[in-house]
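Engineer: First the structure, which I've put down as structure tokens, then a few questions once you've had a look.
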Amino acid sequence: MVRSRKNFTRHADPARCQKMQIARLCTLVLASASGCYQPDFAGLECRDDRECGTLACVDGVCGGDEPGSTGGPPDTTYATSSSDEPAPNDPTTETTDASASADASTSTDGTPGALDTTGEPETTTTGADDGSDTPTDEHDDTIYEIQQDEFDWWDVVDVRHVVVTAIASSGHGFFAQEHAGGEYSGVWVYVGSSNQVMTELAVGDEVNITGEIHEYHDLTELDAREGSVVRTGVTGVHLAPELLPISTFGTYTTAEPWEGVLVAIVGAPLTVSALLPAHEFAVTGTDTVVLDDLVYDVWEHPADLPDFGIDARFSTIVGPLNAYNNTFKIAVRDADDFTGYKPPAAPKLGIEALQPGDLVITEVMYNPATDNDDGEYIEVYNTTSQPIEMYGAVIQDSLQSPTHQGKINSSAVVQPGAFALLGFRSMVTWPYPNKPDAFYGYDPPLNNGSLGDTVFLKNSTLTIDATSPYIGKAGDKGVSWKLKPTKSNADDNDDPTNWCYSAAVFFMAEHGSPGQANEVPCSM
């Protein structure tokens, strides 16, 4: 949720910054006239520049050319449950300054308490009404309080006896929820990549968490990287999902109270209506909601949902409610979170099911007359007897580099015996009236001139097709390189003598036949 900054300026007080011990609490007030010191963020794990003070976040680590300190904090030791080593910005010493080692929280009698560096929870045990011994925490902070703005950004909280409901496949975090459930009962917990507890954590574990309250791309999170995640020993807790109509997720107002909570979408049929970038997809009933791949990726488990694609249907979908940039998404945890699955009535071949030669590259515009290569395109032909869903197809050049490849991140179906036009970059830069079936992004730009290039079409495991290598030549600007129409198969397109340059004009001075059968004549 989006959190106000109503009391955030109080962190600009230098004494408060020194007491907080965890330097990130002062990140956003470093330029304050009140003189809060600049902590040293160099080497700390990060996700974007906002977590690095004046430094840049480069490859997940704070670093850059600008200095990371404008003063000097007292030496500190970070609290962490994942390692006994000192913090990266203080490799040698531990503070002895009483004011610097005091925690921002208070003990149960209201006096300041020391920062807990052990990660062990402080609890008291009292007899419950039924005579059993039930742990109670007199100064327990709750997820309800966090999600209803009873704390500010960067406040340190101590949340106890909450239940893990989902774990990110990356291992960087998990969703936790209060036993009682309901609105505002769930939260995302971020631990980074080095927290040892994640190797032992399981859904259903009860945990105690200390960390800072952050807002990351509209998602409230409890950042435990310099805090702690401690298992209480209670395991196998089953929390029932909150049954909600899909319309709940149609507006921010109705969806936001359920952020981080384990929910179940009801209102069958829930029909797959769109395939989205980053292996996400949308389902539509009376409204539409996005399904996230944070925990479980449908495309990485094709056997779980055979023939999955557009028009597949479900009766119920379960998962914690994630949020990113004001879009709410259900983070399905495994195939069991889908019930009533029915594949599309007319299933299509997915890109991962293709074999070499099922799609053939038949035309390449590598040197368009338009500026900045905006008009580069690739044409492919479906040689099979079934429709092919091209979502997830990979485009590479002769380098075959996974870090400089294109990818189809939207649904694009090519019918049997038909052609699909794949455009470079996006519709914003596309210069032609012929709208592509899909775009493959900003990589790879194809070489011109004597360097030449080769175009590869792949899925995650194999090469579906590759062109014969080409070499640019004089007069090829604005003229596509095409496969002769009688040679549209994977064997013949390996032979450079079966390729030539287009003669037909399709737009202004551009020659080619994008998305259509190639003409017989060649221009050169």
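Rundown of residues vs (1) under 20 Å from ALA168 (Cβ atoms); (2) over 19 Å from the mean Cα position of the chain (by Cα); (3) outside the structural domain of PHE439 (by TED's automatic domain parsing); (4) modelled with pLDDT under 90, yes/no style:
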| site | (1), (2), (3), (4) |
| --- | --- |
| THR253 | no, yes, yes, no |
| TRP258 | yes, yes, yes, no |
| VAL263 | yes, yes, yes, no |
| LEU270 | no, yes, yes, no |
| ALA278 | yes, no, yes, yes |
| ALA282 | no, no, yes, no |
| VAL289 | yes, no, yes, no |
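Engineer: A further question follows. Taking the options GLU145, GLU183, name whichever one is more than 23 Å from the chain's Cα centre (by Cα), surrounded by fewer than 17 Cβ atoms within 10 Å (Cβ to Cβ), of a type in the set (Asp, Glu) and in a loop (DSSP other than H, G, I, E, B).
Structural biologist: Sole residue among the options that is more than 23 Å from the chain's Cα centre (by Cα), surrounded by fewer than 17 Cβ atoms within 10 Å (Cβ to Cβ), of a type in the set (Asp, Glu) and in a loop (DSSP other than H, G, I, E, B): GLU183.
Engineer: Out of curiosity, is GLU200 acidic (Asp, Glu) and touching an Asp or Glu at 6+ places or on another chain (Cβ under 6 Å)?
Structural biologist: Criteria not met by GLU200.
Engineer: Being assigned by TED's automatic domain parsing to the domain that holds VAL290, out of contact with any helix residue (DSSP H, G or I) (no Cβ under 9 Å at 6 or more places or on another chain) and either crowded, with 19+ Cβ neighbours inside 10 Å or in a helix (DSSP H, G or I) (or both): is that true of THR165 here?
Structural biologist: no
Engineer: In this structure, does GLU363 turn out to be under 22 Å from THR467 (Cα atoms) and crowded, with 17+ Cβ neighbours inside 10 Å?
Structural biologist: yes
Engineer: Quick check, is VAL237 at pLDDT 95 or above, more than 18 Å from TYR144 (Cα to Cα), in contact with a His (Cβ under 8 Å, 6 or more places away or on another chain) and not acidic (Asp, Glu)?
Structural biologist: Details: at pLDDT 95 or above: yes; more than 18 Å from TYR144 (Cα to Cα): yes; in contact with a His (Cβ under 8 Å, 6 or more places away or on another chain): yes; not acidic (Asp, Glu): yes.
When the stated conditions are applied, VAL237 passes them.
Engineer: Any residue that is at positive phi and buried (at least 18 other Cβ atoms within 10 Å of the Cβ) - is there at least one of those in the stretch 250-264? Break it down into steps so the answer makes sense when it comes.
Structural biologist: Filtering the stretch 250-264 down to residues at positive phi leaves 260.
Right, trim to buried (at least 18 other Cβ atoms within 10 Å of the Cβ) and you get 260.
Checking the stretch 250-264: at least one residue is at positive phi and buried (at least 18 other Cβ atoms within 10 Å of the Cβ).
Engineer: Sticking with this one: Can you find a residue that is free of Cβ contacts under 8 Å to residues at least 40 places away in the same chain and touching a strand residue (DSSP E or B) at 6+ places or on another chain (Cβ under 7 Å) anywhere in the stretch 486-498?
Structural biologist: For the stretch 486-498, residues free of Cβ contacts under 8 Å to residues at least 40 places away in the same chain and touching a strand residue (DSSP E or B) at 6+ places or on another chain (Cβ under 7 Å): present.
Condition check ((1) out of contact with any helix residue (DSSP H, G or I) (no Cβ under 8 Å at 6 or more places or on another chain); (2) assigned to a loop (DSSP other than H, G, I, E, B); (3) surrounded by 15 or more Cβ atoms within 10 Å (Cβ to Cβ)) across all residues:
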site: THR486; (1), (2), (3): yes, no, no
site: ASN489; (1), (2), (3): yes, yes, yes
site: THR497; (1), (2), (3): yes, no, no
site: TYR501; (1), (2), (3): yes, no, yes
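Engineer: Still on this structure, please answer the following. Please list, ordered by first then second residue, the pairs with beta carbon atoms under 8 Å, 6 or more apart or interchain, first in the stretch 208-220 and more than 17 Å from GLU145 (Cβ to Cβ) and outside the structural domain of GLY260 (by TED's automatic domain parsing), second among the polar types (S, T, N, Q) and surrounded by fewer than 20 Cβ atoms within 10 Å (Cβ to Cβ).
Structural biologist: HIS217/ASN325; ASP218/ASN325; ASP218/ASN326
Engineer: Could you tell me which residue of the stretch 222-234 is farthest from ARG160 (Cα to Cα), considering only residues that are crowded, with 22+ Cβ neighbours inside 10 Å and touching a His at 6+ places or on another chain (Cβ under 9 Å)?
Structural biologist: ASP223
Engineer: For the stretch 379-418, which positions are hydroxyl-bearing (Ser, Thr, Tyr) and under 15 Å from PHE439 (Cα atoms)? Full working, then the answer.
Structural biologist: We begin by selecting, within the stretch 379-418, every residue hydroxyl-bearing (Ser, Thr, Tyr); these are 381, 383-385, 391, 398, 401, 403, 410-411.
TYR391, SER410, SER411, listed by residue number.
Engineer: Just checking, does the stretch 463-472 include any residue being within 38 Å of the chain's Cα centre (by Cα), at pLDDT 95 or above, within 23 Å of PRO433 (Cβ to Cβ) and not in a strand (DSSP E or B)?
Structural biologist: Within the stretch 463-472 (the criterion being within 38 Å of the chain's Cα centre (by Cα), at pLDDT 95 or above, within 23 Å of PRO433 (Cβ to Cβ) and not in a strand (DSSP E or B)), the answer is no, since none of the residues qualifies.
The values are calculated or read from the model by the stated rules, or taken from the named source; none is laboratory data. Fair warning: this is a prediction, and the values are worked out from it, not measured in the lab. So basically every Cβ, Gly included, is an ideal-geometry build from the backbone, and we count neighbours across all protein chains shown.
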